[in-house]
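Just below is one structure, and these are the notes that go with it.
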Amino acid sequence: MSASGGTKAIVAALVANLAIAVAKFVAFLFSGSSSMLAESVHSLADSGNQGLLLVGGKRAKREATPQHPFGYGRERYIYAFLVSIVLFSVGGMFALYEGYEKIKHPHELDNWYWPVGVLVFAIIAETFSFRTAIQESNALRGKRSWKEFVRHSKAPELPVVLLEDLGALVGLILALVGVSLALATGNGVWDGIGTLCIGVLLILIALVLAVETKSLLLGEAAGLDEVRKIEAAVVDGTTVTDIIHMRTLHLGPEELLVAAKIAVGHDDTAAKIAAAINAAEARIREAVPIARVIYLEPDIFSETEAAKGPDREASPGGPTPHDTAH
């Protein structure tokens with residue numbers, strides 16, 4: 001997996017969650033706290049999720065085949081989407097069920113120091129994991145806000161780990177509040193309410209992840225900065241005089257497909273056009289290294305059509321009026 005895959009952050013989260021899951025389950029056995037049981041399942045689900053991200057990153061490295069000529073880069077998106085499903089079903093829905101059962105059949109907590117001690121330990125461990133994810137993300141997000149980074153990042157791993165760690169920290173605080181209120185009042189209902197809140201939190205995070213990874217699965221274009229660089233690299237001002245229309249598509253986080261119809265002169269020879277296309281492809285790869293697959297189609301230049309500007313609304317599925325006019 002590439003550096004942008006956030007392998008260090010994933011491994012840190014995996015180690016932390018495995019240790020926390022065991023500690024939480026032991027605390028549940030000694031205390032009977034439903035918050036502890038929900039949190040132990042949450043941490044176990046998170047551990048499985050980090051495993052899925054690592055598997056997705058490894059499988060995405062496979063070489064292209066005749067059946068999959070553009071490679072397997074999108075496997076990282078598929079496994080990230082599976083994470084949202086696991087978080088929703090295993091984490092969120094289980095916590096809602098467990099919270100409902102605890103509210104329906106409340107009982108006092110036994111050995112209160114177990115859940116409290118484990119929650120404090122878990123908060124410290126999750127803080128370390130969250131800090132690692134933040135450091136990894138800061139190297140990539142630049143001047144973007146955290147919201148923009150999560151919404152527009154083409155590599156799904158770091159946004160997933162960030163949201164999981166944030167959800168884990170907030171969930172631990174909710175569990176600690178629920179356990180503390182249950183101890184203070186002697187009413188186990190508060191433990192159940194804390195568990196319900198954890199379930200709602202996990203479901204909300206899972207829905208955010210599902211929406212963002214669905215967009216990546218459908219296929220997202222290159223960012224605006226990359227599009228501008230590609231446009232500047234295509235036109236040489238002599239043979240390639242304009243871009244009639246262009247499409248970009250992420251085949252994976254570090255793999256970009258570029259397809260463009262370019263304008264050339266009526267009297268240009270085939271050899272001159274071929275040389276210009278080869279040079280344009282080289283310039284594109286130099287400007288945007290992740291542009292791995294490039295298709296440039298030459299068309300006859302028309303001053304009338306060129307005056308209308310690049311046809312960026314042209315359908316990628318068939319000819320348009322602009323296409324037939326050139």
* Asked: Between the DSSP loop rule and a limit of at most 13 other Cβ atoms within 10 Å, which trypsin sites (Lys or Arg not before Pro) in segment 34-132 are left?
  -> ARG62
* **Residue-wise HN-Hα coupling along segment 135-142, computed from phi with Karplus coefficients 6.51, -1.76, 1.60 (Hz; x: Gly, Pro)** => 4, 5, 6, 4, 6, 10, 7, x
* Mean Cβ neighbour count within 10 Å, used as a protection proxy, ranking 172-182, 133-143, 200-210 highest first -> 172-182, 200-210, 133-143
* With everything on Cα atoms, drop me the angle between helix 75-86 and the longest principal axis of the chain, reported from 0 to 90° to the nearest 10. => 30 degrees
* Asked: All other residues with a Cβ under 13 Å from the Cβ of ILE20 taken together, and with Lys, Arg as +1 and Asp, Glu as -1, what is their net charge?
  -> -4
* Structure fact -> Any residue on another chain or 5+ positions along whose placed amide H is under 5 Å from the amide H of LEU256 is listed here as LEU251, ALA291, ARG292, VAL293
* Structure fact -> Any GluC sites (Glu not before Pro) in segment 1-90 that lie in a DSSP loop and have at most 12 other Cβ atoms within 10 Å would be GLU63
* Structure fact -> The ratio Rg/Rh over the Cα atoms of segment 84-199, Rh being the Kirkwood inverse mean 1/r radius, stands at 1.07
* Structure fact -> Treating every alpha carbon of segment 1-65 as one equal point scatterer without solvent, the Debye formula yields log10 I(q)/I(0) values at q = 0.21, 0.22 Å⁻¹ of -0.78, -0.82
* Cα long-axis angle, helix 7-31 against the chain (0 to 90 degrees, to the nearest 10) -> 20 degrees
* To do: With just the Cα atoms of segment 220-278, tell me how far they stretch along each of the three principal axes, in Å, largest first.
  => 39, 17, 14
* Structure fact -> Too long for a 19 Å Cα-Cα cut-off, among LYS229/LYS272; LYS24/LYS102; LYS24/LYS104; LYS8/LYS58; LYS61/LYS147, are LYS229/LYS272; LYS24/LYS104; LYS61/LYS147
* Structure fact -> Candidates GLY32, GLY252, GLY199; GNM for the chain (alpha-carbon contacts under 10 Å) flags as most fluctuating GLY32
* Of the heavy-atom accessible surface of the chain (probe 1.4 angstrom), what whole percent is carbon and sulfur? -> 66 percent
* Asked: Tell me, what is the Rg over Rh of the chain, with Rh the Kirkwood radius over Cα pairs?
  -> 1.17
* Accessible surface, the chain, averaged per residue in Å² (probe 1.4 Å) -> 47 Å²
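The values are calculated or read from the model by the stated rules, or taken from the named source; none is laboratory data. Because the structure is a prediction, the values reported are computed rather than measured. When we count neighbours, we look across all protein chains shown, and the Cβ atoms used for this are built from the backbone with ideal geometry, even at glycine. Accessible surface is based on the protein model in full, side chains and every heavy atom, while ligands, DNA and RNA are left aside. Shrake-Rupley method; radii C 1.70, N 1.55, O 1.52, S 1.80 Å.
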